[in-house]
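S.K.: Quick one: the structure is below, and I'll ask about it shortly.
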Amino acid sequence: MLRQMHGEGHPAVWYILLRAAYAVVGSPVVLKIVALTIAATAAYLLVFRLKLPLSIMLLALFSSFSIFDYAAMSRNYGISMLVIFLIVLSWEKGARNGILLGLLFALLANTNVHSVVLVGGFLAYWFFDLILARSRPPLTAYRAFVTAAAIAAVGIVLCFVTVYPTFNDTGQNDLSGENFALLTVGLPTA
């Protein structure tokens with residue numbers, strides 16, 4: 001399945017969830033079931049686990065993103081919301097666990113391509129939080145960050161290997177014999 005979806009334009013997590021649910025149920029109705037289960041789980045975390053002011057929680061819960069884009073449309077974007085909520089809950093628990101957050105970052109990077117930017121934002125925030133702290137954080141805090149960044153990097157690489165080049169790019173451009181590293185940074189390869 002992973003080989004066949006290479007270049008589809010979306011990372012693998014959504015397709016893996018759908019394939020697993022289809023193996024259990026055996027019907028295409030799993031598309032809606034999986035999407036609604038993910039949205040309901042994210043809504044549960046938002047309402048009962050995240051400590052947000054009531055007005056913000058209600059705005060997030062009843063926004064068009066939560067209701068339509070993440071639930072009714074049945075696409076992979078709702079997984080991002082769920083994983084972000086899990087990251088926030090893990091982030092709040094005092095000393096940050098580098099392995100847990102790294103795995104969540106890697107999972108987030110593989111929910112959709114846009115979430116790779118969010119992973120970079122989380123890591124940048126964590127880095128500057130360590131560097132700009134008034135009192136010097138213990139060495140374990142730096143180790144946790146490096147561990148999370150390394151695991152997240154593996155997740156980001158898996159995302160790009162799964163997604164790029166997309167079928168549209170493949171159909172328009174002959175990239176055989178080209179240096180992929182130079183192409184990604186926009187440098188000429190000839």
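S.K.: Give me a count of the residues in the stretch 53-96 that are open to solvent by 40 Å² or more (accessible area, probe 1.4 Å), modelled with pLDDT of 90 or more and of a type in the set (S, T, N, Q).
M.R.: Within the stretch 53-96, residues that are open to solvent by 40 Å² or more (accessible area, probe 1.4 Å), modelled with pLDDT of 90 or more and of a type in the set (S, T, N, Q) number 1.
S.K.: Next question, about the same structure. Please go through (1) in contact with a helix residue (DSSP H, G or I) (Cβ under 6 Å, 6 or more places away or on another chain); (2) at pLDDT below 75 for Val116 and return the number of the only condition it doesn't satisfy.
M.R.: That leaves (2) as the condition not met.
S.K.: Going through the stretch 94-111 one residue at a time, which ones are within 26 Å of Leu17 (Cβ to Cβ) and outside any helix (DSSP H, G or I)?
M.R.: Asn97, Asn110, Thr111
A quick yes/no check of all residues on (1) in contact with a strand residue (DSSP E or B) (Cβ under 8 Å, 6 or more places away or on another chain); (2) exposed (fewer than 11 other Cβ atoms within 10 Å of the Cβ); (3) of a type outside the set (Gly, Ala, Ser):
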{"site": "Leu107", "(1), (2), (3)": "no, no, yes"}
{"site": "His114", "(1), (2), (3)": "no, yes, yes"}
{"site": "Val117", "(1), (2), (3)": "no, yes, yes"}
{"site": "Leu123", "(1), (2), (3)": "no, no, yes"}
{"site": "Phe128", "(1), (2), (3)": "no, yes, yes"}
{"site": "Pro137", "(1), (2), (3)": "no, no, yes"}
{"site": "Ala141", "(1), (2), (3)": "no, no, no"}
{"site": "Ala144", "(1), (2), (3)": "no, no, no"}
{"site": "Gly155", "(1), (2), (3)": "no, no, no"}
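S.K.: Check Ala60, Ala71, Ala109 and return the single one that is in contact (Cβ under 8 Å) with a residue 60 or more places away in the chain and of a type outside the set (Phe, Trp, Tyr).
M.R.: Ala109
S.K.: Something else: When residues of the stretch 108-167 are filtered for being among the polar types (S, T, N, Q) and within 21 Å of Ala42 (Cβ to Cβ), how many remain? Explain how you work it out, then say what you get.
M.R.: First pass over the stretch 108-167, keeping only residues among the polar types (S, T, N, Q): 110-112, 115, 135, 140, 147, 162, 166.
Then keep just the ones that are within 21 Å of Ala42 (Cβ to Cβ); that gives 110-112, 115.
The number of residues fulfilling the criteria is 4.
S.K.: Also, quick follow-up: Please verify whether Ile87 is under 30 Å from Val154 (Cβ atoms), of a type in the set (A, V, I, L, M) and in contact (Cβ under 8 Å) with a residue 60 or more places away in the chain, treating the condition exactly as stated. Talk me through it step by step, then tell me what you get.
M.R.: On the way: under 30 Å from Val154 (Cβ atoms): yes; of a type in the set (A, V, I, L, M): yes; in contact (Cβ under 8 Å) with a residue 60 or more places away in the chain: no.
It is false that Ile87 is under 30 Å from Val154 (Cβ atoms), of a type in the set (A, V, I, L, M) and in contact (Cβ under 8 Å) with a residue 60 or more places away in the chain.
The values are calculated or read from the model by the stated rules, or taken from the named source; none is laboratory data. The model shown is predicted, which means the values in this text are computed figures rather than measured ones. Note that we place each Cβ from the backbone using ideal geometry, even for glycine, and neighbour counts take in every protein chain shown. Side chains are part of the model used for accessible areas, which takes the heavy atoms of the whole protein and leaves out ligands, DNA and RNA. Shrake-Rupley method; radii C 1.70, N 1.55, O 1.52, S 1.80 Å.
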